[in-house]
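We did not get these values from a lab; they are worked out from the coordinates using the rules stated. From a predicted model like this one, the values you see are computed outputs, not experimental measurements. Heads up, the Cβs are rebuilt from the backbone with ideal geometry, glycines too, and the neighbour counts pull from every protein chain shown.
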Amino acid sequence: MKRGEQQKIKHKGNKNKKINAFITLLYPCNRIKFTTSKTRNSIDFINHLKSIKGYVIKRSIKRFLLVIDNASFHHSKKTKRFIEKQSCWLTVIFLPTRSPYLNPVETKVNRNLKKDVCGNYNYETEDDLLFTVRQYLTYG
């Protein structure tokens with residue numbers, strides 16, 4: 001290149017799609033309950049809570065304690081209304097703000113998922129990424 005010129009590199013730009021995973025680490029068995037979504041909002045989180053409810057009912061669990069961080073969709077009006085209606089089986093505890101070290105999902109699952117599946121990998125399609133994420137979360 002001549003001085004003052006910049007090499008042009010062709011790339012896809014910011015058109016890469018994101019896959020969101022709502023992950024709940026089940027204690028004491030250290031299993032994972034997860035749902036995936038193209039968006040990350042209250043409705044998607046409520047759908048994840050409904051899948052947890054199915055898990056609770058199937059196993060005849062009387063009380064489920066859910067510890068969550070302070071993501072905006074955890075505090076939305078829709079989410080709060082849904083959680084209030086589930087008070088017979090669900091108790092929610094919020095972690096302090098900016099404390100990912102207290103959240104085992106962040107330290108045990110998300111960090112490894114990003115490193116092992118997402119970091120420095122290019123997937124041909126969104127479905128390939130989704131398949132790989134689901135495989136990783138299902139089988140570890």
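Subtract the Cα-Cα distance of LYS50 and SER76 from 0.36 nm times their separation in residues, and report this length gain in nm to one decimal.
Separation in residues times 0.36 nm, less the Cα-Cα distance, equals 7.7 nm.
Once amide H atoms are built 1.01 Å from N in the peptide plane, which residues 5 or more positions from VAL67, or in another chain, come under 5 Å H to H?
ILE93
Would you order TYR139, TYR27 from fewest to most other beta-carbon atoms within 10 Å of each residue's own beta-carbon?
Lowest count first: TYR139, TYR27.
Under the rule of -39500 (n - 2.57) per DSSP H run of 4 or more residues, summed and divided by the residues of the chain, what mean residue ellipticity at 222 nm is obtained, to the nearest 500 deg cm²/dmol?
-9000 deg cm²/dmol
Relative to the longest principal axis of the chain, what angle (0 to 90°, nearest 10) does the C-alpha long axis of helix 126-139 take?
It is inclined by approximately 50 degrees.
Relative contact order of the chain, please, whole-number percent, based on alpha carbon pairs below 8 angstrom and at least 6 residues apart.
Result for the chain is 20 percent.
At a threshold of 8 angstrom on Cα-Cα distance, excluding pairs fewer than six apart, so keeping six or more, what relative contact order does the stretch 45-116 reach in percent?
Reported as a whole number, the value is 31 percent.
Which residues' amide hydrogens lie under 5 Å from the amide hydrogen of LEU26, considering only partners 5 or more residues apart or on another chain, with H built in the peptide plane?
ARG31, ILE32, LYS33
Pick out, from ILE52, ASN122, GLN6, the residue whose Cα sits farthest towards the positive end of the charge dipole of the chain, with +1 on the Cβ of Lys and Arg and -1 on the Cβ of Asp and Glu.
ILE52
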